[in-house]
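What follows is a short report on a single structure.
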Amino acid sequence: MVVVQQLNKFTLMELGRPETSMLDSEKLECSSDYQIEFEDIVNKHYKKIYYMALSMAKNEPDAADLTQETFRKWAVKHSTIKDSSKVKSWLYTTLYRNFIDKKRDENRMRAIEPEELHNQMPTHNPNHAERIDSKIIRETLLSMEEHFRLPLSLFYLEDYSYKEISDVLKIPIGTVMSRLSRGKEILHRKLSVKFDTF
């Protein structure tokens, strides 16, 4: 509910409405039907969108920012979606575009020093053998190159079809299939090494 309130606050500000109207439900200019719909969409998709954002951004603060921006855009543009079956695809496509825009902006702003890049890279501590396999798989997936990681995440974690992945990533289906095939090979090889060490 806190996430919904924060997102509504930003939406009201963007639409030129005073943010104090968020605090008084009688003054809230959004219809109650929209409020319920927005909460339902956030409750239904927030966790999956966040984990996909985490898969892309590789750190929690950026993943939270990408997720919030995705739902903020949904709050502003929800009326353009007429078919409710398209909401999930719209959210993932918007998330991906937000990620690409963020990366493009970061690349324009500054060059990253090698030491700084090394500090931002995820670390793997082999002393934590008691961690569950899914954590190891997620870490391995995060260590993969983006063009393999994103299709694999959408395919295995979100159960997207080749066509849906193609639509979200704006690449041909044949490219999706080849990246999934190659990505599976790389993932299998990396996991074989990791599980052999435990």
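Listed values, structure above:
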quantity: Residues Tyr162, Tyr50, Tyr92 arranged by fewest to most Cβ contacts within 10 Å; calculated: Tyr162, Tyr50, Tyr92
quantity: Order of Arg138, Arg72 under a 10 Å beta carbon neighbour criterion, fewest first; calculated: Arg138, Arg72
quantity: Cβ-based exposure ranking for Ser192, Ser166, in which fewest neighbours within 10 Å come first; calculated: Ser192, Ser166
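Every read-out reported here was derived from the displayed coordinates using simple, explicitly stated rules and does not represent laboratory data. Owing to the predicted nature of the structure, the values given are computational and were not obtained by experimental measurement. Because the Cβ atoms are built from the backbone with ideal geometry, glycine has one as well, and the counts that use them run over all protein chains shown.
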